[in-house]
Amino acid sequence: MMKKSKEHLIFAALLASVVLLGACGANFINLTAVHQNQNPSNIYTLQTEIDIQDKAVVKETVNVSVVIGEEAHPMVRGQAGQDIWSYDYKLPPGFDEANYYYTAEYQVLREDLIKPRVIKSQLYRFQLENRYVGNLLAYRAPIGEKISVQGRGFTKHDTVHFGTDAVETTFLSENELQFVVPSLPSGIDYSLILEGGVGKLPIGEFRIDESEMKTTPRSIEVASGDVATILFQIPFDAPAGGIPVKIETDVAPSVIMPEVSIPAGGKSISAPIKGGVPGSGSIFVNVPGIKELVIPVTVTAAPAP
């Protein structure tokens with residue numbers, strides 16, 4: 001009787017440790033990226049999730065290993081979940097890739113009998129990336145600001161693109177580039193891409209914040225036939241190619257204006273405004289990424305000779 005009671009206790013303990021999952025079957029979900037960013041320690045985390053769909057698995061018996069170069073390395077359960085296992089692998093010097101697969105050993109309890117089980121994953125591979133974007137030092141800024149991009153494997157041929165628009169880019173080192181926020185419409189999230197002789201890399205999203213323009217004078221009064229000069233000033237150096245200044249008016253017969261552009265590296269430009277037919281209205285000044293400026297304008301009749 002004592003022996004039988006002891007056997008029942010052992011059976012009850014094993015039964016209590018059974019993982020109640022779905023139908024029979026097991027598989028690995030590889031959580032390790034194929035492309036790994038190279039790091040100075042040369043240590044890379046291999047991670048997998050094991051999904052054992054067997055009603056009779058004894059959870060305390062599950063052990064997972066990763067096999068690299070015919071050598072098995074025991075993995076540990078990660079903090080992300082009980083079914084996620086990880087192993088920190090130090091890549092040998094001179095290697096930039098590794099082939100590996102996972103194995104899991106466990107026991108199942110069926111009809112009072114403990115039976116061992118072993119499953120094996122497919123073969124996987126990871127390789128090091130010697131060229132990647134690691135960090136964008138700011139994700140929003142006004143036009144003209146210089147923003148750094150950090151990573152690895154940059155060259156003098158690399159250029160940052162806001163969508164399809166290439167922007168002024170300076171090569172600082174193989175680990176850092178710097179670009180100037182271009183004169184594009186503000187309040188929009190742009191997808192940044194790094195393009196060069198060795199392909200394209202996504203950088204991230206970037207928003208251009210609105211800037212303000214100043215003018216001198218703030219209002220214009222000019223006699224018909226006379227010319228007044230207005231100065232436009234921006235708070236940054238105009239990027240390569242300059243910045244076009246779009247000038248419009250709601251009293252076209254009264255105001256005669258040329259097309260102007262702030263030259264590359266400049267912060268201001270003067271424009272002549274010639275009085276036409278007497279009248280009053282406004283001049284509207286627009287530059288991409290800068291708040292629209294409205295300047296009151298009055299054109300008076302020319303004085304009698």
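Read-outs throughout are calculated quantities, based only on the coordinates presented, and are distinct from any laboratory measurement. Keep in mind that what you see is a predicted model, and the values were worked out from it rather than measured. For neighbour counting, all protein chains shown are included, and Cβ atoms are generated from backbone atoms with ideal geometry for every residue, glycine included.
Structure above, values below:
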{"read-out": "Additional length obtainable on full extension of the chain from Asn63 to Arg207, 0.36 nm per residue less Cα span", "value": "47.1 nm"}
{"read-out": "Region 214-300 - convex hull of the alpha-carbon atoms, volume per residue in Å³", "value": "74 Å³"}
{"read-out": "Subset of Lys156/Lys291; Lys200/Lys246; Lys214/Lys274; Lys146/Lys246 violating a 30 Å alpha-carbon distance limit", "value": "Lys156/Lys291; Lys200/Lys246"}
{"read-out": "Least to most buried among Glu70, Glu248, Glu176 (fewest other Cβ within 10 Å first)", "value": "Glu70, Glu248, Glu176"}
{"read-out": "Residue order, fewest to most surrounding Cβ atoms within 10 angstrom, among Phe284, Phe232", "value": "Phe284, Phe232"}
{"read-out": "Residue among Ile193, Ser41, Gly265 farthest towards the positive dipole end of the chain, charges placed on Cβ", "value": "Ser41"}
{"read-out": "Estimated FRET transfer efficiency (Glu145, Glu97; beta-carbon r; R0 41 Å; 0.05)", "value": "0.55"}
{"read-out": "0 to 90° range, to nearest 10: angle between helix 2-16 axis and the chain longest Cα axis", "value": "20 degrees"}
{"read-out": "Tail weight of P(r) past 14 Å, computed on alpha-carbon pairs of region 137-221, percent", "value": "63 percent"}
{"read-out": "All-pairs Cα distance distribution in the chain, expressed in whole percent, bin size 10 Å", "value": "5, 18, 16, 14, 12, 10, 8, 7, 5, 3, 1, 0, 0, 0"}
{"read-out": "Estimated FRET transfer efficiency (Lys55, Thr164; beta-carbon r; R0 41 Å; 0.05)", "value": "0.15"}
